[in-house]
Amino acid sequence: MEMVRACMRPAASASSGPRVLVLGGTGRVGGSTATALSQLRPDLNILIGGRNREKGMPLVSKLGQRSEFIHVDIRNSSRLKEVLEGCLDRCT
């Protein structure tokens, strides 16, 4: 499986700031967390992790160019591992 981006613009490079992955980012708490993080730390690259791409797209649009959607279901341990390893690879 590969990461699915919900935005059309290229993701910010790892060198342009730190990254954070918000699992459950399409939910109420995760979405609020991602929004607060983007306001407190505009330099963060925020990855919205969730199962529903349609719910993730409006949040990615709201957060701007330093955000992207990653399709992941935490109940799928192999996919979760793949996403986490991908995030680590992208940070190095």
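The values are calculated or read from the model by the stated rules, or taken from the named source; none is laboratory data. Predicted model, so just to flag it, every value in this text is computed and none were measured. For neighbour counting, all protein chains shown are included, and Cβ atoms are generated from backbone atoms with ideal geometry for every residue, glycine included.
Pick from the range 36-54 the residues that are within 21 Å of L84 (Cα to Cα) and not hydrophobic (A, V, I, L, M, F, W, C): which of them is farthest from the chain's Cα centre (by Cα)?
Step by step, filter the range 36-54, then rank; the result is D43.
Of everything in the range 18-76, what is among the polar types (S, T, N, Q) and under 18 Å from L88 (Cα atoms)? Give them in sequence order.
Of everything in the range 18-76, those that are among the polar types (S, T, N, Q) and under 18 Å from L88 (Cα atoms) turn out to be N45, S67.
Looking at I74, I70, which is the one that is buried (at least 17 other Cβ atoms within 10 Å of the Cβ) and either modelled with pLDDT of 95 or more or not aromatic (F, W, Y) (or both)? Lay out the reasoning, then the answer.
Values: I74 fails: buried (at least 17 other Cβ atoms within 10 Å of the Cβ).
Step by step, each of I74, I70 is checked, and only I70 is buried (at least 17 other Cβ atoms within 10 Å of the Cβ) and either modelled with pLDDT of 95 or more or not aromatic (F, W, Y) (or both).
Restricting to the range 58-79, name every residue that is touching a residue at least 24 places away in the same chain (Cβ under 8 Å) and closer than 14 Å to V22 by Cα.
Matches in the range 58-79: L59, V60, L63, R66, S67, E68, F69, I70, H71, V72, I74.
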